[in-house]
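Presented below is the structure to which this report refers.
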Amino acid sequence: MGREWLADAVMYEIYPQSFADSDGDGVGDLRGVIGKLDHIASLGVDVIWFNPCFASPFVDAGYDVSDYLTIAPRYGTNDDLAELVARARERGIRVILDLVAGHTSIEHPWFQKELNAAGPDPDGDRYIWSEELPERTWTRDQPGTPAWVRSPGPRPGFYLKNFYDEQPALNFGWVTRPRAGGQVPLQDETDQPADLRIARPGDDSWRDAIDAPGPLRNRQALRDIIAHWLGLGVAGFRVDMAFSLVKDEELTQGYVETVALWRELREWLDVSYPDAVLIPEGAEPRTGGPLAFDADFFLVIHDAHASLFNNHYAGRLPFQAPREPFFDAEGRGSTRPFLDAWAAARDGHPDRPIILATADHDFDRLRCGPRTPEQLGAALTFLFTWGSIPCLYYGDEIGMRYLPGLPDVEGSICDPGYNRAGCRTPMQWDDSANAGFSTAAASQLYLPIDPDPDRPTVAAQQDDPSSTLALVRHLIALRRATPALGARASTEVLSEDYPLAYVRGGSHLVVVNPRREPATLAVEGTTPIWTSGVEPAPGGLRVAGFGHGVLAMPA
């Protein structure tokens, strides 16, 4: 099948700290996940995506890696992961891991070696160092903008970070451009394109070319890390900050060279691991030539997704103008930002798979603020029938709440405007202590359990046909049984307002009304397949407030 399996996938994201604790230390682990594989399989999903599981000091919840080849002891061992992969495979489920490619922890041995050296590594620096604070740097208009950090060890000068200070950027080279007045290229680089030359002497003397020894060492290490885990049976990777590797001030040429780097890795994978997928954090820049990644990812923190679901009760994203979300009871939102982004992502690539999540570990949850379980039906119907690759965030299958006001845990507050801890709370399994997540004392839990006595649990919803859990299982089963609802079929929008209505595969009408007030749709001759609050009316359909459904179109 090669990588074609991804287009038919339904993903399930697990934040491993918070899913299931098997040893009573208050932190989730891999053996806890193994014990819950039957639940995951019962949903109908066929891919588990884990947030980082590698050894880490957990300054940024595992996105600061200190050993790429070893499972963090808090989660178990490499053997535990191998067993999880095997047992998941028995249930028809693949496993993909989060790969942090652009930076490490300051505790990684690579960084410690360079930090404690007097100067550049004779084999080539793995990190980006400058003895003087550079006049120019790599800038991005988002929280965590890379900046220079003064060396805390014998190595003189500064290092470039990728996000937090404790996350030094790996050196994959730097693209520079000649400045007014001219620059002096390195003697052995006179045959290189001007935009790849390194200026010496002057402000740019600390920059390495993309084919310098340090960047080449990191390219090989990236290949070795990928091969290590693919050899253990994982099906691929979601790559964190995938396009932060090769640097340049304006980003554009750095993106070109970074995509070229991933394209080179893709060519190797096609030969050595043809079934393995690569998924980026966000959308792959279109730089000409074949795309290196297997999908784009419409992130929760980006405008396309946020315009649908972000009701601002988890805080304000500093890089977005606030707007009323479309999936809101007041009905003042618009689908236009999402539809425009969808069209742009598929411009020139009409079959490009796009992943659309219910929520994720970086912002809020689908059920956030005043959004009620009754409102989830329309949202979930859309998410599982639109034509994207759905990704179900753990706990959203039962309608877990975003919890405001939690403490900063492992870097959860990366911006004063919002707190990621509220979407990372422990999975709620039953009505026992700690909602069945852990036998540890409540004070020892990674994050507190939802204190609401009416909090949703798997056990309470397991046999309830009216529950959110039943809805999710039904939608995934309907998607599996109906190719027209999958990612490969066409999508034609009939109404982009309230209700949102679209025809999948030319044969199935999906209608969702996220607002409190009823709405009407002028389409006749449809046959209900599965509906809630959708009824025939003169001239078409009447869709109740929060109504949703799938109907067959007339032949």
Completion exercise
Those residues of the range 33-88 that are touching a Phe, Trp or Tyr at 6+ places or on another chain (Cβ under 9 Å) and of a type in the set (Lys, Arg) come to a total of 2
Fill in the blank from the handout: Residue pairs within 7 Å by beta carbon, gap of at least six or interchain, first lying in the range 30-44 and over 14 Å from Tyr393 (Cα atoms), second of a type in the set (Val, Ile, Thr) and in a loop (DSSP other than H, G, I, E, B), listed first then second, are Ala41/Ile93
Exercise for the section: Note down all Cβ pairs under 6 Å where the first residue falls in the range 148-169 and is in contact (Cβ under 8 Å) with a residue 12 or more places away in the chain, the second is part of a loop (DSSP other than H, G, I, E, B) and of a type in the set (Asp, Glu), and they're at least six residues apart or on different chains. Expected result: Val149/Asp165; Pro156/Glu131; Gly157/Glu131; Tyr164/Asp60; Glu166/Asp64; Gln167/Asp64
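Rundown of residues vs (1) among the polar types (S, T, N, Q); (2) assigned to a loop (DSSP other than H, G, I, E, B); (3) over 21 Å from Asp240 (Cα atoms); (4) open to solvent by 10 Å² or more (accessible area, probe 1.4 Å), yes/no style:
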{"position": "Ala306", "(1), (2), (3), (4)": "no, no, no, no"}
{"position": "Arg323", "(1), (2), (3), (4)": "no, yes, yes, yes"}
{"position": "Phe326", "(1), (2), (3), (4)": "no, yes, yes, no"}
{"position": "Asp351", "(1), (2), (3), (4)": "no, yes, yes, yes"}
{"position": "Arg365", "(1), (2), (3), (4)": "no, yes, no, no"}
Completion exercise
Checked Ile355, Ile301 against criteria (more than 25 Å from Ser467 (Cβ to Cβ), touching an Asp or Glu at 6+ places or on another chain (Cβ under 6 Å) and β-branched (Val, Ile, Thr)); the one match is Ile301
Handout entry: Residue satisfying all of: in the range 262-293; open to solvent by 20 Å² or more (accessible area, probe 1.4 Å) and in contact with a strand residue (DSSP E or B) (Cβ under 6 Å, 6 or more places away or on another chain); nearest to Phe326 (Cα to Cα) among these
Key = Ala283
Completion exercise
When Thr258 is run through (1) out of contact with any strand residue (DSSP E or B) (no Cβ under 8 Å at 6 or more places or on another chain); (2) more than 22 Å from Ala227 (Cβ to Cβ), the failure sits at (2)
Exercise for the section: Test each condition in (1) part of a helix (DSSP H, G or I); (2) among the small types (Gly, Ala, Ser); (3) touching a Leu at 6+ places or on another chain (Cβ under 9 Å) for Gly333 and report the one that comes out false. Expected result: (1)
Practice task
Kindly indicate whether Thr258 is farther than 24 Å from Leu97 by Cβ and either touching a residue at least 60 places away in the same chain (Cβ under 8 Å) or not charged (D, E, K, R) (or both).
Solution key: no
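Condition check ((1) under 27 Å from Ile413 (Cα atoms); (2) touching a residue at least 60 places away in the same chain (Cβ under 8 Å)) across all residues:
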| site | (1), (2) |
| --- | --- |
| Ala55 | yes, no |
| Tyr63 | yes, yes |
| Leu69 | no, yes |
| Asp98 | yes, yes |
Exercise for the section: Test each condition in (1) buried (at least 18 other Cβ atoms within 10 Å of the Cβ); (2) more than 20 Å from the chain's Cα centre (by Cα); (3) among the polar types (S, T, N, Q) for Ser334 and report the one that comes out false. Expected result: (1)
Practice task
Tell me, please, whether a residue that is farther than 30 Å from Ile279 by Cβ and over 23 Å from the mean Cα position of the chain (by Cα) can be found in the range 413-431.
Solution key: yes
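The values are calculated or read from the model by the stated rules, or taken from the named source; none is laboratory data. None of these values were measured; they are calculated from a predicted model. Every residue, glycine among them, receives a Cβ derived from its backbone with ideal geometry; neighbour counts consider all protein chains shown. The accessibility values were calculated without ligands, DNA or RNA, using every heavy atom of the protein model including side chains. Shrake-Rupley method; radii C 1.70, N 1.55, O 1.52, S 1.80 Å.
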